[in-house]
Amino acid sequence: MKPSINIQQGWLSSARRVPSPNMNTRPVDTSISLLVIHNISLPPEQFENGYIEQFFTNQLDATVHPYFAEIAEMTVSAHLLITRTGEVIQFVPFDQRAWHAGRSCFRGRDNCNDFSVGIELEGADTIAYTDEQYTVLAQVSSCLMEEYPAIMLDTIVGHSDIAPGRKTDPGESFDWPRFQQLLKQ
Ligand SMILES: [Zn+2]
């Protein structure tokens, strides 16, 4: 897929920017070589309510929902969120290190946050993602592969691939062949 979007100073031209404080610099001389696909929904399996933005910017109100009380103190982020309608929100510029992978390992290399971009799909492991999400994810991924050539088809993985036994996202509902087909177009 030919990207119709571009990246300037680490920001995606098509994204709405919601800067998160949950980031730091990548280790020196670290090239971006991995793309990690996640899912998130707040509360679980509920969509399009703005809570993910609040969570990634440390603004989540712990009193709104019992689940929020469990997670409100966590300081996490991702570079991008793709909502159910295909809106793209960027929290961290790509040249900075977002806090999405946690304890993780890819091909013997720990701390995947150091060398990856993290994309959250608004969703859940057992609920189908939307057509808009597949389209936009493929566009954004193509753009990232062009900007960061060390990201290749075989270095686009799920969170569950780099944190097995601990994480399950993006889950069985994510159609990898469909996504890979879109990427090759
Ligand atoms: Zn994840």
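Since every read-out is calculated from the coordinates, none of them should be taken as a lab result. Values in this document were obtained by computation on a predicted structure and should not be read as measured data. Here Cβ is always computed from backbone atoms with ideal geometry, including for glycine, and neighbour counts include all displayed protein chains.
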Practice item. With the checklist (1) within 16 Å of the ligand (Cβ to nearest atom); (2) of a type in the set (Ser, Thr, Tyr); (3) more than 17 Å from residue 167 (Cβ to Cβ) in hand, flag the one item residue 126 doesn't pass. Key: (3)
Review point. Within segment 35-47, can one find any residue that is touching a helix residue (DSSP H, G or I) at 6+ places or on another chain (Cβ under 7 Å) and free of Cβ contacts under 8 Å to residues at least 40 places away in the same chain?
Key: yes
**Study point:** Members of segment 128-169 that are surrounded by 14 or more Cβ atoms within 10 Å (Cβ to Cβ) and among the small types (Gly, Ala, Ser)
**Key:** 138, 141, 142, 158, 160, 163
Exercise for review: Tell me which residues, restricted to segment 77-106, are among the aromatic types (Phe, Trp, Tyr) and farther than 19 Å from residue 50 by Cβ.
Suggested key: 94, 99, 106
Review point. Restricting attention to segment 41-49, does a residue exist that is more than 21 Å from residue 167 (Cβ to Cβ) and part of a loop (DSSP other than H, G, I, E, B)?
Key: yes
Exercise for review: Quick one: in segment 144-177, of everything that is within 11 Å of the ligand (Cβ to nearest atom) and part of a helix (DSSP H, G or I), which residue is nearest to residue 14 (Cα to Cα)?
Suggested key: 159
Exercise for review: Can you tell me which residue within segment 121-133, out of those that are in contact with a strand residue (DSSP E or B) (Cβ under 9 Å, 6 or more places away or on another chain) and part of a helix (DSSP H, G or I), is farthest from residue 41 (Cα to Cα)?
Suggested key: 132
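Output the residues belonging to segment 13-40 that are of a type in the set (A, V, I, L, M) and in a strand (DSSP E or B).
If the condition is that a residue be of a type in the set (A, V, I, L, M) and in a strand (DSSP E or B), then 23, 34, 35, 36, 37, 40 are the ones that fit.
Identify the residue in segment 31-44 that is polar (S, T, N, Q) and surrounded by 12 or more Cβ atoms within 10 Å (Cβ to Cβ) and, among all such residues, is farthest from the chain's Cα centre (by Cα).
The qualifying residue farthest from the chain's Cα centre (by Cα) is 33.
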Review point. If only one of 92, 117 is assigned to a strand (DSSP E or B) and away from the ligand (no atom under 11 Å from the Cβ), which one is it?
Key: 117
Study note, to complete from the structure: With the first residue restricted to segment 102-131 and required to be under 14 Å from residue 155 (Cα atoms) and free of Cβ contacts under 8 Å to residues at least 40 places away in the same chain, and the second required to be surrounded by 14 or more Cβ atoms within 10 Å (Cβ to Cβ) and aromatic (Phe, Trp, Tyr), Cβ contacts under 7 Å at 6 or more apart or on different chains are 113/99
Check your understanding: Does at least one position in segment 83-97 carry a residue that is more than 15 Å from the chain's Cα centre (by Cα), surrounded by fewer than 22 Cβ atoms within 10 Å (Cβ to Cβ) and within 24 Å of residue 158 (Cβ to Cβ)?
Key -> yes
Check your understanding: When you scan segment 8-54, how many residues do you find that are within 15 Å of the ligand (Cβ to nearest atom) and over 19 Å from residue 85 (Cα atoms)?
Key -> 4
